[in-house]
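Everything on this sheet refers to the single structure shown next.
Where a number appears in this text, it was derived from the coordinates with a stated rule and is not lab data. As the structure is a computational prediction, the values presented were derived from the model and not from experiment. As a convention, Cβ positions derive from the backbone with ideal geometry for all residues, glycine included, and neighbour counts pool all protein chains shown.
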Amino acid sequence: MPHKIGEFKHSEETKKKLSLSHSGNKNYGWKGNKVGYRGLHYWIRTHKPKSFFCERCGKITDKLDVANMSGKYKRDISDFQWLCKSCHIKDMWIVRKKNKLKKKKQ
């Protein structure tokens, strides 16, 4: 008896192979280092193992943000940390102040 449209199901092994064959730079939507702010943060969240404590102050919490350390948004997991909201906000203010000082000097 022939299959009706939509009735065919792939095995779990085939699904995994298909997923891997279209992941990362093999995906048609891959932008490499030209990725945007949100896309990069999403990529970091899915590839950097989640911590249960702030990497700056050590506070134990499940509400952590992915924070860029260098201010250069590159696809480098080591350039990001899991920070609690408080440390992330403090870090953002410090980066903004440094950027303002650099602009004034130019």
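How about LYS15: which aspartates and glutamates have a C-alpha closer than 19 Å to its C-alpha, ignoring those fewer than 8 places off in the same chain?
Correct list for LYS15: GLU7.
Distance in nm between label sites at THR14 and LYS48, each 7 Å beyond Cα in the beta-carbon direction?
3.8 nm
Taking the beta-carbon count within 10 Å as an exposure proxy, list TRP93, TRP82, TRP43 from fewest neighbours to most.
Values: TRP93 10, TRP82 22, TRP43 17.
Fewest-to-most Cβ neighbours within 10 Å comes out as TRP93, TRP43, TRP82.
What's the exposure ranking of ARG38, ARG75, going from fewest to most Cβ atoms within 10 Å?
ARG38, ARG75
Going by how many other Cβ atoms sit within 10 Å of their own, how do SER78, SER51 line up, fewest first?
Fewest-to-most Cβ neighbours within 10 Å comes out as SER78, SER51.
Of LYS48/LYS85; LYS50/LYS72; LYS17/LYS48; LYS9/LYS50, which ones are farther than 27 Å apart at the Cα? Write out the running numbers ahead of the final one.
Working: LYS48/LYS85 18 Å; LYS50/LYS72 21 Å; LYS17/LYS48 23 Å; LYS9/LYS50 33 Å.
Beyond 27 Å: LYS9/LYS50.
So if I place +1 on the C-beta of Lys and Arg and -1 on the C-beta of Asp and Glu, and nothing else carries charge, what would the dipole magnitude of the range 31-89 be about its Cα centre? I want it in debye, nearest 20.
With only Lys, Arg, Asp and Glu charged at Cβ, the dipole is about 220 debye.
Amide H of PHE53 versus every other amide H placed in the peptide plane: which residues, excluding those fewer than 5 positions away on the same chain, fall under 5 Å?
When sequence neighbours closer than 5 places are left aside, the close amide H contacts are THR61.
Provide, for q = 0.15, 0.21, 0.23, 0.24 Å⁻¹, the log10 of I(q)/I(0) from a solvent-free Debye sum over equal Cα point scatterers in the range 33-105.
Ignoring solvent entirely, the Cα scatterers give -0.53, -0.94, -1.06, -1.11.
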